[in-house]
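Input: a single structure, listed below in structure tokens.
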Amino acid sequence: MASFDPFLKSSLKKYKHPDVTKTDVLTALTAFGDLRPKFEDFVFNDGITRQLVQLDGTIPVTYKGNVYNIPICIYLMDTHPYNPPIVFVKPTSTMQIKSGRNVDQNGKIDLPYLREWKYPNSDLLGMIQILVIVFGEEPPVYSRSQATNQPPPLRYPSQGTPYPPAGGYGMPMPSVGGAQNPPYPAGSSYPGQYPAPTSNYNTQYPAYNQAQTSSYPGYPATNLGGYPTSTAAGSYPDNTPYPNPYPPTHATTASTFSGNSTVTEEHIKASLLSAVEDKMKRRLRETFAQAQAEMDVLYKTQADLLKGKQKLEQMMQDLEKEKTDLQSHMQLLRSKEGEVKEAVSRMKNQEQLSIDDAVDTTAPLYRQLLKSFAEEQAIEDAIYYLGEALRKNVIELDVFLKNVRELSRKQFMLRALIQKCREKAGLPPIA
């Protein structure tokens with residue numbers, strides 16, 4: 001797979017997750033060596049064209065004991081692996097698409113695995129392995145019928161046609177006389193004919209098995225014996241056994257062993273093995289789906305637990321930070337408490353102080369300024385209350401004017417003194 005490294009490295013430059021995509025592609029190419037990476041244009045339904053990496057080639061599929069190579073094409077989105085790829089069946093000129101539950105008429109594959117794609121639980125290797133299982137139960141392609149190479153149908157003497165004239169493709173027939181079965185028998189409009197020779201009808205892919213959905217019942221066991229002897233020109237050899245086109249059931253098993261029947265123990269064994277294989281595959285799919293659902297629940301629980309763990313760690317960090325802050329604040333409060341207690345003890349030991357002595361300035365200039373300002377404010381209050389007394393007729397007008405004149409003269413002198421003191425102290429003047 002090292003030969004694909006340069007190509008993938010150059011092709012995945014425009015992808016959002018090139019390293020993860022490259023690892024996923026190389027894992028799939030290692031397991032399925034017939035796939036090859038390409039870089040081509042892909043046209044979406046809305047007409048937009050993008051260059052995407054695709055895996056083109058075949059995957060081995062086991063169908064009824066034979067291995068067939070089914071051609072597929074996988075387009076990887078530029079957001080791979082977080083978005084599912086687009087998968088198509090890519091039939092050749094000798095094949096035709098068989099639409100069903102997982103494949104539409106255009107060959108596009110639709111699987112629950114793709115609809116429920118979720119990285120990292122989903123990857124290319126797992127998707128291709130599921131395709132192998134699904135295609136082993138219901139092949140997505142079948143070989144086109146070769147009408148020009150079909151031998152004429154055989155007829156019973158008492159019947160007009162060997163089967164009701166329903167068109168379509170026949171079931172795969174077992175070989176006669178020890179010859180091996182071809183990988184897929186070619187499609188036929190006559191389900192009752194002999195199996196086609198290997199040299200002429202050996203095709204690569206299975207014919208469309210319409211007999212599985214046919215509503216016509218099988219013929220009784222008495223009609224499955226050898227053909228009557230015929231000496232006409234072009235007839236088949238005498239007493240050539242006619243193979244049963246339908247799988248044997250419990251009701252016809254006993255009768256098929258009586259007489260010259262072609263249903264042998266090997267056929268019954270193969271039928272039982274096929275039935276057991278189908279049942280095991282069905283149970284395997286159910287077990288896989290159940291395990292996948294349980295894994296999804298566990299992954300979701302794990303994600304929730306991880307988120308909860310992150311939240312708890314963040315809360316623990318916040319609590320540790322708050323604890324550190326509280327310890328520092330407690331130390332600061334203890335120190336302040338000690339200072340307060342010390343100041344209270346000093347105050348208790350000192351004598352009674354007057355308010356005027358308690359408040360003092362640091363310089364004589366500031367002391368003079370403080371006293372002048374306090375006296376000026378007191379005069380302002382005295383003038384206010386003299387006006388109130390005059391308004392209430394408590395004092396006479398001449399008394400009011402005399403006192404106001406004296407107080408105003410004193411207030412003017414105090415304001416002048418305050419102004420000079422502020423200039424000496426370098427303080428701004430009072431507005």
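The values are calculated or read from the model by the stated rules, or taken from the named source; none is laboratory data. None of these values were measured; they are calculated from a predicted model. Note that each Cβ is placed from the backbone with ideal geometry, even for glycine, and that neighbours are counted across all protein chains shown. What goes into the accessible areas is simple: the full protein's heavy atoms, side chains included, and nothing from ligands, DNA or RNA. Shrake-Rupley method; radii C 1.70, N 1.55, O 1.52, S 1.80 Å.
Taking 7 Å steps out from each Cα toward its Cβ at M280 and E294 produces label points 2.1 nm apart.
Across the accessible surface of the range 1-72, with the other protein chains kept in place and a 1.4 Å probe, carbon and sulfur atoms take up 52 percent. For K311, a cut-off of 18 angstrom between C-alpha atoms picks up these aspartates and glutamates, skipping any fewer than 8 places away in its own chain: E320, E322. Dividing the convex hull volume of the alpha-carbon atoms in the range 316-405 by its residue count gives 247 Å³ per residue. The Cα trace of the range 1-104 gives Rg and Dmax of 14.8, 43 Å, the first to one decimal, the second as a whole number. Gap in Å between the Cα centre of the range 314-329 and the Cα centre of the range 1-30? For the range 1-30 versus the range 314-329, the Cα centre distance is 49 Å.
Peptide packing for 362-370, 10-18 was compared via the average number of neighbouring C-beta atoms within 10 Å per residue; ordered from the highest value, the list is 10-18, 362-370. In terms of distances greater than 28 angstrom between alpha carbons, the cross-link table entries K14/K307; K281/K307; K279/K300; K16/K108 yield K14/K307; K281/K307; K279/K300. You can think of it this way: the chain between Q310 and S345 has 7.4 nm of extra reach, that is 0.36 nm per residue less the Cα-Cα gap. Using the Karplus relation 6.51 cos²θ - 1.76 cosθ + 1.60 with θ = phi - 60°, the per-residue 3J(HN,Hα) values for the range 88-100 come to 10, 7, 10, x, 8, 5, 9, 10, 9, 6, 9, 6, x Hz, with x marking Gly and Pro.
Within the straight-line cut-off of under 20 Å between alpha carbons, the lysines reachable from K348 are K336, sequence neighbours fewer than 8 places apart in one chain being disregarded. Once the 1.4 Å probe is applied to the protein heavy atoms, the range 387-431 comes out at 81 Å² accessible per residue. Amide H of G57: which non-local residues (sequence gap of 5 or more, or other chain) have their own amide H closer than 5 Å, using H built in the peptide plane? Counting only residues 5 or more places away or on other chains, the set is R36, I72.
Amide H contacts of S122 (H built 1.01 Å from N, in plane; Pro and chain starts excluded): no residue 5 or more places away or on another chain comes under 5 Å.
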